[in-house]
Amino acid sequence: MPNSSGVSEPQELPIADPVLRATSHGRGAVPESGFNALVPELDVSDLAVSLRFWCDQLGFEVAYDRPAARFSYLVRGPIQVMLCERNSNWDVGELSRPFGRGVNFQMMVDALAPILKALEAANWPLFRPPNEAWYRTGDREGGQREFLVQDPDGYLLRFAQGIGARSPT
């Protein structure tokens, strides 16, 4: 049965064998822009819950998926991320919440307002409210308006909108 993001939620146990998971039936296609050189794959506790958050609140779309493997490849403009329900295939140690400790994923977007509005409508808490930040890069500073939010598994996501460049102050 499709959820609000148009994604069917799997009803059976996910495929355990890694080769069968990778080659299982899927829907969709390669992103129109092709694959980015770096695409994080995040292990999630419940793919259906994560898809609702990433698609409904953050504005991502499913480029392709493999439902029996509980895997989805998401895009939002030039941003690409993979979500896979935990299957112990990539475990290198204990994974406990919040997932992704020690990393935040910065994603540049054209506008923060639609994401913030969707998060507010869902009563989803922000980790850090919107603020202006300037980062020095060589002899310039690049400015961005940014906020941070945690996904259902605790991954820390930083959304940023460019606001220009300036000479260092």
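In percent, what relative contact order does the chain have, based on Cα pairs under 8 Å that are 6 or more apart in sequence? Intermediate values should be presented prior to the final figure.
Details: 287 pairs, mean separation 32.7, N = 169.
Rounded, it is 19 percent for the chain.
DSSP beta bridges confined to region 102-169 are antiparallel in about 80 percent of cases. Panel values: region 102-169, Kirkwood radius from alpha carbon pairs, Stokes-Einstein at 25 °C and 0.890 mPa s, translational diffusion coefficient 191 µm²/s.
Note: relative contact order over region 1-89, using C-alpha pairs below 8 Å and six or more positions apart, is 35 percent. Once the other residues with Cβ under 12 Å from the Cβ of W124 are scored (Lys, Arg +1; Asp, Glu -1), what is the net sum? Combined, the nearby Lys, Arg, Asp and Glu give -1.
Return the equivalent ellipsoid semi-axes of region 1-89 as a descending list in whole Å, where each equals the square root of 5 times an eigenvalue of the C-alpha gyration tensor. Each semi-axis is the square root of five times an eigenvalue, giving 19, 16, 12 Å. Per-residue ellipticity at 222 nm computed for the chain from its helices equals -2500 deg cm²/dmol, with DSSP H segments shorter than 4 residues left out and the rest contributing -39,500 (n - 2.57). 3J(HN,Hα) along region 158-169: 10, 9, 9, 10, x, 10, x, 9, 8, 6, x, 8 Hz, from the Karplus curve 6.51 cos²θ - 1.76 cosθ + 1.60 with θ = phi - 60°, whole Hz, x for Gly and Pro.
Tell me, what are the semi-axes, in whole angstrom and largest first, of the equivalent ellipsoid of region 11-169 as set by the roots of 5 times the Cα gyration tensor eigenvalues?
For region 11-169, the semi-axes come out at 31, 17, 16 Å.
No value in this document is a laboratory result; all are computed from the given coordinates. Note that the structure is a prediction, hence the values are computed from the model and not measured. We place every Cβ from the backbone using ideal geometry, glycine too, and count neighbours over all the protein chains shown.
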